[in-house]
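Heads up, the thing below is written out as structure tokens.
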Amino acid sequence: MIQANELRIENNLLWGSTIVQISSIHADNTIRFWDANKINTVGCFKINAFNPIHLTDEILLKCGFEMNRLSFSIKFQLNNFIIFKIDDNFYAKPIGVKISLNSLHQLQNLYFALTGEELLLLFLLY
């Protein structure tokens, strides 16, 4: 289950089978999300109505990462940001620290924290 303190505005989550982008997070654990044009918010639902988007090779490639196969892992790189895939698990290793990544919103948060930039999603959200 997702916790409110894991999320930031503009994180992407699943609402049913639809990928949505958070527009606001409220103290009562409700989340509003944008319409496809990011003009209006569509609705406000409790956090338990949302699910994480699990990371896949395809999502990383659509976010602009380049993939290189290594002997025991796969390396995904976007500029100086590197993620390794080992046995179907994804890890970021900034400055020698191994960080497990399971979902797109975790990747978005880590990428922003380390680069100061939003991760550009190169796929249609709706």
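The values are calculated or read from the model by the stated rules, or taken from the named source; none is laboratory data. Because the structure is a prediction, the values reported are computed rather than measured. FYI the Cβ positions are ideal-geometry reconstructions off the backbone, even for glycines, and counts take in every protein chain you see. The area values use the complete protein model at the heavy-atom level, side chains included, leaving out ligands, DNA and RNA. Shrake-Rupley method; radii C 1.70, N 1.55, O 1.52, S 1.80 Å.
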| task | Test each condition in (1) under 16 Å from LEU120 (Cα atoms); (2) part of a strand (DSSP E or B); (3) out of contact with any Leu (no Cβ under 6 Å at 6 or more places or on another chain) for CYS44 and report the one that comes out false. | result | (1)
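Residue by residue, here is whether (1) assigned to a strand (DSSP E or B); (2) surrounded by 13 or more Cβ atoms within 10 Å (Cβ to Cβ); (3) not polar (S, T, N, Q) holds:
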| residue | (1), (2), (3) |
| --- | --- |
| ASN5 | no, no, no |
| GLU10 | no, yes, yes |
| LEU14 | yes, yes, yes |
| SER24 | yes, no, no |
| PHE33 | yes, yes, yes |
| LYS38 | no, no, yes |
| ILE59 | no, yes, yes |
| said: Need pairs with beta-carbon distance below 7 Å; first residue in contact (Cβ under 8 Å) with a residue 24 or more places away in the chain and within the stretch 55-74, second open to solvent by 60 Å² or more (accessible area, probe 1.4 Å) and of a type outside the set (Ser, Thr, Tyr); sequence gap 6+ or separate chains. | reply: LEU55/ASN102; ASP57/MET67; LYS62/LEU122; CYS63/LEU120; CYS63/LEU122; GLY64/LEU120; GLY64/LEU122
| query | Got at least one residue in the stretch 44-52 being under 25 Å from ILE22 (Cβ atoms), aromatic (Phe, Trp, Tyr) and touching a residue at least 24 places away in the same chain (Cβ under 8 Å)? | reply | yes
| field | Residues of the stretch 30-54 that turn out to be over 17 Å from the mean Cα position of the chain (by Cα) and modelled with pLDDT under 90, as a count | value | 10
| said: Within the stretch 64-90, take every residue that is outside any loop (DSSP other than H, G, I, E, B) and open to solvent by 100 Å² or more (accessible area, probe 1.4 Å) and give me the one that is nearest to THR115 (Cα to Cα). | reply: GLU66
